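Here is the structure we will look at, set down as structure tokens.
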Amino acid sequence: MYISKYNTLKLELAKCIGCGLCKTVCPHRVFDIKKDRAILMRREHCLECGACMSNCPTGAIEVKAGVGCAYAIK
Amino acid sequence: MTLQEIMNRPETPYGDHHIAHLIEGYSSVGGKQVPVLSRDITSKDIFGEIKVRCGIGRYNYYYPTGLYLIGEAKAGLPVIVTSNFKLTLDKLRSQLKLEGYWLLVLDTKGINVWCAAGKGTFGTEELIYQLTKWQVKSKLNTNSVIVPQLGASRMSPQIVKQLTGISIDYGPIRAKDLDVYLANNRVADESMRQVHFHWKDRLVLTPLELINNFKFILPAYPVLVGWHYFTTGHTLSLAIPLIQLSPLIMMNFLGSVVFPLMLPFLPTRGFSTKGITLSLPVSMLILANSSLFHLGNNILSMLSWFLIYLIFTGFITLNFTGSTTFTSFSGVEFEVKLFRKIAIAIASIALLSAMVGYIF
């Protein structure tokens, strides 16, 4: 696991319709669907790829998506 | 964005020299000739992989975008979306045993799916462009395409459906799971959806790291020759600076090969700090045998070298963050900004130490 203290992932439950796309696309299985809503099971494993945000149909997820690469930091 | 805006852009032509030997024939699809590719991995493909893994022609290992067929054309064949990185194509061709399938190749500028997704080249617009250009819905008579899960980062299935009528089914992470995924009616189990970073995955990255990191050592040679001339008034044997730099070559090996292999076992969360824990004992061993490396016995110049070994290893191991499957942007940003400040401070101390050591 890497440095997760500054992770920007946010889930707005009020907008979530429980479609499950966030769970499908996440490569680190951060999300699960319980009682028709997404929940953050493993937030510390999030690498901020942005797949969840991009696929969410209601804009319930926000993350400052980028690549975890030293060369990319200005 | 409208469909017109997406379609209204120039296309990048890619030569087919990397795949010409794989074309077995052509299949006519809606008046267009679609290449049929073989499943064989030839020696040309194997050498091609070795070369790119060592950084040779790494950014030119592409092939033309568009539609391809593997196997025999018939109704109901799945359409699998992929990048135009030739190595990805080879993994698909060799690992997918399915009798027949279409490949829809996106313009990722010769970059693999996950990196291209992060950059946005493997994304909603490019998928819409290729789906529309090749009239996939009507010509291949399909309502859905399979997109690799790692292609999801910049993909909006809702917009793709809206503009093309095509739904996205997210396939597994790894090509080798595609057969089971398709046999299970496009359902992936948890293990197929979890990305890994096993030791073999880390090992294949080491040649490129080792070769790329050498370029940071090369300029040190003329700098050392110049330093010797400045401090002694004449040019020493040209071999001596090489011997003095051999510890840096060892640090490169530590940071580029040993570090990736030992990654899960090294203490601390930061990559630069993990690298430093690895180089600390080796640096001390080197300095305990300083005469062997012509580093002198001046305590200040030894301190200078010691600090240089630490910063160098920390720097190259920090750069490895871009090659992993789990580092986040926010975490890397934090570590890089902190490391830069600390590295500048340590480099200043190293330089000061070297100069004071020379003066006294």
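Annotations
- For chain B, modelled as a GNM whose springs connect Cα atoms under 10 angstrom apart, the maximal fluctuation among B:25, B:66, B:255 occurs at B:25.
- In the calculated pair-distance distribution of the protein assembly as shown, the portion above 35 angstrom amounts to 40 percent of the Cα-Cα pairs.
- Using the Cβ of residue B:24 as centre and a radius below 12 Å, the other residues enclosed give a net charge of 0, where K and R count +1 and D and E count -1.
- Taking only the Cα atoms of the range B:297-336, the radius of gyration and Dmax are 14.4, 44 Å.
- Chains B and A, summed buried accessible surface - 1.4 Å probe, Å², nearest 100: 3300 Å²
- Rh (Kirkwood; distinct C-alpha pairs) - the range B:159-258, Å: 18.5 Å
- In Hz, Karplus ³J(HN,Hα) per residue of the range B:19-31 (6.51, -1.76, 1.60; θ = phi - 60°; x = Gly, Pro): 10, 3, 6, 9, 7, 8, x, 9, 10, 7, 10, x, x
- Note on the range B:141-201: along the principal axes its Cα atoms extend 42, 26, 16 Å, ordered by decreasing extent.
- The C-alpha radius of gyration of chain A, expressed as a fraction of 2.2 N^0.38 Å, stands at 1.09.
- Most fluctuating residue given options B:306, B:47, B:271, as computed from a GNM of chain B linking Cα atoms under 10 Å: B:47
- Helical runs (DSSP H, four residues minimum) scored at -39500 (n - 2.57) apiece and divided by the length of chain B put the mean residue ellipticity at 222 nm at -15000 deg cm²/dmol.
- Rh by Kirkwood over Cα pairs, then Stokes-Einstein D for chain B at 1.306 mPa s and 10 °C, µm²/s: 68 µm²/s
- Between B:141, B:212, B:112, the residue with the greatest mean-square fluctuation in the GNM of chain B (Cα pairs under 10 Å linked by springs) is B:141.
- Normalising by residue count, the range B:245-316 has a Cα convex hull of 74 Å³ per residue.
- Solvent-accessible area assigned to carbon and sulfur over the range A:1-63 amounts to 55 percent, based on a 1.4 Å probe.
- Principal-axis tilt of helix B:86-95 within chain B, Cα atoms, nearest 10 degrees: 60 degrees
- Taken per residue, the accessible surface of chain A reaches 50 Å², heavy atoms only and a 1.4 Å probe.
- Counts of other chain beta carbons within 10 angstrom of each beta carbon in peptide A:61-68 average 6.
- A:15, B:341, ranked by accessible area, largest first (probe 1.4 Å): B:341, A:15
- Measuring between their Cα centroids, the range B:200-240 and the range A:54-74 lie 37 Å from each other.
- Entries in B:32/B:86; B:74/B:176; A:10/A:34; A:5/B:341; A:10/A:35; A:34/B:133 that, when Cα-Cα distance is taken, lie over 29 Å: A:34/B:133
The values are calculated or read from the model by the stated rules, or taken from the named source; none is laboratory data. Not measured: the values here are computed from a predicted model. Methodologically, a virtual Cβ is constructed for each residue, glycine included, from the backbone with ideal geometry; neighbour enumeration extends over all protein chains shown. Heavy atoms of the whole protein, side chains included, go into the accessibility calculation; ligands, DNA and RNA do not. Shrake-Rupley method; radii C 1.70, N 1.55, O 1.52, S 1.80 Å.
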